[in-house]
1. Label Q57 and T37 with points 7 Å out from Cα along Cα→Cβ: what is the distance between them in nm?
2. Working out 0.36 nm times the residue gap between I75 and A25, then minus their Cα-Cα distance, what length gain in nm do you get to one decimal?
3. Using r as the Cβ-Cβ distance of I67 and E45, and R0 as 30 Å, what FRET efficiency do you calculate, to the nearest 0.05?
Amino acid sequence: SKQWYQRRVALRPGRTMTNLTAKHATSGPTWGVDGETGNIVDMEEFGVWDTLQVKSQVLKTAIETAILLLRIDDIVSGVKKQSDIDAEKMAGKFQPAPQEPAEE
C-alpha cells in the first residue's frame with residue numbers, strides 16, 4: 001500500500017541516498033528517486049529535468065531571504081539600543097562616550 005511505502009522510505013533516507021550516490025558514480029548524474037515508488041530511476045527516461053536556472057533562482061532566493069532577516073535583526077537591535085539610550089537620558093544616567101581631542 002502507499003502508506004506502507006511512505007513509512008518505509010521515511011525510515012530509510014540514508015540508504016536511498018547512498019544507493020543514489022553509488023548510481024551517480026557508476027551510471028551518470030541523471031538518476032533520481034521516483035516520488036511514487038521510491039525506486040532509483042533514470043530521470044531522463046521520466047522526462048524530469050532540474051535546470052540550472054531553477055537551482056540558481058532557489059539559491060538566490062535563499063540568500064536574499066537571509067540578508068533580509070539580518071537587516072530586520074539589525075533594525076530591531078538598533079531600535080532597542082536607541083530606546084535604552086533615550087530611557088537613560090530621561091533618567092539622567094546617560095553619559096556620552098568621551099571624544100578624543102582634535103589634533104591641531
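1. 3.0 nm
2. Taking I75 through A25 to full extension adds about 13.3 nm, to one decimal.
3. The value I calculate is 0.15.
Values in this text are rule-based calculations from the coordinates and carry no lab data. From a predicted model like this one, the values you see are computed outputs, not experimental measurements. A quick note on method: Cβ atoms are made from the backbone with ideal geometry, for glycine too, and the neighbour counts reach across all protein chains shown.
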